[in-house]
Every structure is written in structure tokens, then in C-alpha cells.
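Have a look at the structure below before the remarks.
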Amino acid sequence: MTDYEKAVSLWRQKRITNDAELAEALNSNSIAFAYHSGKIENENITYHDTREIFEHDGVTNYTGDLRTLFEIRNAKEANELLLSSFNLRRALDESLIKEFQYQLTNNTYDTRRWQLGERPGEYKQHDFVTGRNEVGAAPEDVQEELTELLEELVDVPDDKIITAAAYFHAKFENIHPFADGNGRTGRIAMNYYLLLHDHPPVIIHEEDRKAYYDALEAWDSRQELSPLVNYLKAQTAKTWKKQIMRHDKQKRI
């Protein structure tokens, strides 16, 4: 059994049914996810500040910029939304995706985007560069393309969940539906989809971002999904490495 398969097996043994059980199962991983997902986009985010905000709703001796502080606080709010949505078993639909994006970007849109009429929680009104050769879907096509993508995620067999999650994430980033926060929104939405299908969430570790971008680029340029699927499996194993090692040690005793 691979470490990825062990991570999935251990997660499913928890039989999580509500938000309290999910919060307990995630434990410090919620902080780690927020830190890594945020730092991929913003180098000023630190694990210390993220932990302080998640655990104490504030920071001490902070000397950074306010935008960074808002982004970390927003990540906490987005995590709360994930937990409450899981408790209600909300479907991953347009409404929830917009809510995730709003929570993650509230009070952080820059002046240029605001002057262009862009607003958190609303689809983009203008084109924004995404990948090396991509600009994303045209604003007028975003809703239709995202609706089609979400429809493709219905009735996926259990053994294809990680593949479906990779497909969602690659297509979501390619569509680039919002003026800002697409990466963070795509990562938390992907994790929510995994959780709904009794699959452990995955941290995209910021130190592995080059391989992450390369995997997304493989889809953008060649429609190759396997690099992202393999990457997500490896990151899942890395996310749950301590639990896997603890389990393996117990088995040897």
C-alpha cells in the first residue's frame, strides 16, 4: 500500500459526520493549509502570524502590511465556512465557490481592480493573466464554463475522486473566474470537494510550488492531467505523513 493509499484509508476510518469531528480531525492542518495556500501568493505570510490569528484571533508585535493581515484573517473565515458547509453537506456549487472567494479576498482588492468595478464574491468583469499562455475564460463565458465544470463532478466513483479533484482544480484555474484569489479559492474548493467524498484534504506545500505550477501548466498547454493527479497524491501523503508514520509504528509494535 502506498503512503497516499494509507492516508486515504486512515482518513476513512475516522468516519467523520459533522463539523466538530472534522475540526478535530484537521487539527493543526487547518493552520498549515491556510499558511501554505496563502504564502504561495504572498511571501509576507508567516506560519507564526497564521497560527496566532487562528488560535487567538489576533497577532502580537506585528510589523507587516495590513493586506497580509487581512488575508490571514480571511483564511480563518474561509476555514470556518468550510466547516459549517461540511456540517450542512452543502454541494460544491457556484454559490459556495463565490462565498469562499468572498471570504478569502474581502477588504484586499487593490485600487485598480476596485476602480474597474471588480468586487469580492463576484465573477470578474475584465481579463486577467493566468498561466504562461493563458488569460482565462472571457468574463462573459465564466458562468457557463464553471457551471459545466461543476456538472462534470457529479456521480464520480470513489476510486476516481482524486482525479476528479485534479480536473476541477486545473479547469478552475484555467477558467480564472475571479479578478483575484483564484488560486486560494481553487485550493479550498478542491479540498471541500475531497471532504464531501470522504477523502483527506491536501496541503499544497509552498516549498513545492514549482512542481505545482508545472503540473497546472501541463494541463494548460497539453491537457495532460496525470502530472497534477500524481502531484496531489504525493502532497496528500506529505500532508498526512505524521499520521501515517504513527500508524506504521503502532503496527510494528
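Data table
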read-out: Extreme residue, farthest from Ala7 (Cα to Cα), among residues of the stretch 198-238 that are more than 15 Å from the chain's Cα centre (by Cα) and assigned to a loop (DSSP other than H, G, I, E, B); value: Gln223
read-out: Any chance Glu145 is in contact (Cβ under 8 Å) with a residue 24 or more places away in the chain and part of a loop (DSSP other than H, G, I, E, B); value: no
read-out: Subset of the stretch 239-253 (residues that are in a helix (DSSP H, G or I) and under 14 Å from Pro201 (Cα atoms)); value: Thr239, Lys241, Gln243
read-out: Subset of the stretch 19-45 [exposed (fewer than 13 other Cβ atoms within 10 Å of the Cβ), over 30 Å from Leu66 (Cβ atoms) and either in contact with a Pro (Cβ under 9 Å, 6 or more places away or on another chain) or not small (Gly, Ala, Ser) (or both)]; value: Glu24
read-out: Considering residues of the stretch 1-44 that are assigned to a loop (DSSP other than H, G, I, E, B) and of a type in the set (A, V, I, L, M) only, the residue modelled with the highest pLDDT; value: Ile16
read-out: Members of the stretch 101-130 found to be surrounded by 14 or more Cβ atoms within 10 Å (Cβ to Cβ) and at positive phi, listed by number; value: Gly121
read-out: Test set (1) of a type in the set (D, E, K, R); (2) farther than 17 Å from Phe100 by Cα; (3) touching a residue at least 60 places away in the same chain (Cβ under 8 Å) - Glu41 fails condition number; value: (2)
read-out: Residue within the stretch 179-194 that is over 30 Å from Trp114 (Cβ atoms) and assigned to a helix (DSSP H, G or I) present; value: yes
read-out: Failed item in (1) part of a helix (DSSP H, G or I); (2) surrounded by 12 or more Cβ atoms within 10 Å (Cβ to Cβ); (3) hydroxyl-bearing (Ser, Thr, Tyr), with Ser95 passing the rest; value: (2)
read-out: Of all residues making up the stretch 46-61, the number that are loosely packed, with under 10 Cβ neighbours inside 10 Å and part of a helix (DSSP H, G or I); value: 1
read-out: Enumeration of residues in the stretch 1-15 that are hydrophobic (A, V, I, L, M, F, W, C) and buried (at least 19 other Cβ atoms within 10 Å of the Cβ); value: Ala7, Val8, Trp11
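The values are calculated or read from the model by the stated rules, or taken from the named source; none is laboratory data. Just so we're clear, the structure is a prediction, and the values are computed from it rather than from any experiment. We place every Cβ from the backbone using ideal geometry, glycine too, and count neighbours over all the protein chains shown.
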